[in-house]
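Visitor: Have a look at this one.
The values are calculated or read from the model by the stated rules, or taken from the named source; none is laboratory data. Fair warning: this is a prediction, and the values are worked out from it, not measured in the lab. Counting neighbours? That spans all protein chains shown, and the Cβs are built from the backbone with ideal geometry, glycine included. The area values use the complete protein model at the heavy-atom level, side chains included, leaving out ligands, DNA and RNA. Shrake-Rupley method; radii C 1.70, N 1.55, O 1.52, S 1.80 Å.
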Amino acid sequence: MKTINDSALLLGRLLLTLLYISAGWGKIAGYAATQGYMEAMGVPGAMLPLVILLELGGGLAILFGLFTRSLSVFMAGFTLIAAYLFHYQPAEQMQMMMFWKDVSIAGGFLALMAAGPGAFSIDSKLGRNW
C-alpha cells in the first residue's frame, strides 16, 4: 500500500505542477505581453519575475519533491490570489469556472502540504519531512 500511496503522491505532484511549469515558461517566452496583461489587470508588471520564479521554479521544485510542504503553501496562496485578481468576475460564467478551478488547485496544494512529498522525492532522500 505504501508504494501505491508514494506513486500517487508522485503523480499528484506531476499533475499539479505541469500547469505552473508550462505557464512560467510561457511567461518567459511572452514576457512583454504578460507584463502588459498584468498591468491591465491592476497588477504591477515589475512582479512578473517573481511570478515566473514561483511558477517555473516552484513548480519544478515540487515536481521533484524539493521543499514540497513549504512551497505547496506558497503555491496555494499564490493560486488563490491569482484566482481572485484575474478570474473573480461573478457576471461571467467562464471566468467563474476558471476561478473555481484555481480554488480547487489550491486545495490540491494544501492536501500535498498535509500529505508530504512521498518516498519518490528529493525531500525523502534528504530525510526531510517539511
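Visitor: Just for helices (runs of 4 or more DSSP H) wholly inside segment 25-130: which have at least 3 residues that are more than 30 Å from THR3 (Cα to Cα) and in contact with a helix residue (DSSP H, G or I) (Cβ under 8 Å, 6 or more places away or on another chain)?
Guide: Those helices (runs of 4 or more DSSP H) span 31-40, 48-52, 68-87, 93-115.
To keep it simple, each residue is scored yes or no on (1) modelled with pLDDT under 95; (2) within 30 Å of ALA8 (Cα to Cα); (3) β-branched (Val, Ile, Thr); (4) more than 10 Å from the chain's Cα centre (by Cα).
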position: ILE21; (1), (2), (3), (4): no, yes, yes, no
position: THR34; (1), (2), (3), (4): no, no, yes, yes
position: ALA76; (1), (2), (3), (4): no, yes, no, no
position: LYS101; (1), (2), (3), (4): no, yes, no, yes
position: ALA111; (1), (2), (3), (4): no, yes, no, yes
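Matching residues to (1) surrounded by fewer than 17 Cβ atoms within 10 Å (Cβ to Cβ); (2) of a type in the set (S, T, N, Q):
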{"site": "GLY59", "(1), (2)": "no, no"}
{"site": "LEU66", "(1), (2)": "no, no"}
{"site": "PHE74", "(1), (2)": "yes, no"}
{"site": "ILE81", "(1), (2)": "yes, no"}
{"site": "TYR84", "(1), (2)": "yes, no"}
{"site": "GLN95", "(1), (2)": "yes, yes"}
{"site": "LYS101", "(1), (2)": "yes, no"}
{"site": "ILE122", "(1), (2)": "yes, no"}
{"site": "LYS125", "(1), (2)": "yes, no"}
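Visitor: Do any residues in segment 61-72 that are farther than 13 Å from ARG128 by Cα have Cβ atoms under 8 Å from those of residues that are open to solvent by less than 50 Å² (accessible area, probe 1.4 Å) and among the small types (Gly, Ala, Ser), where the two are at least six apart or on different chains, and which pairs are they?
Guide: ILE62/SER72; PHE64/SER121; LEU71/GLY58; LEU71/ALA61
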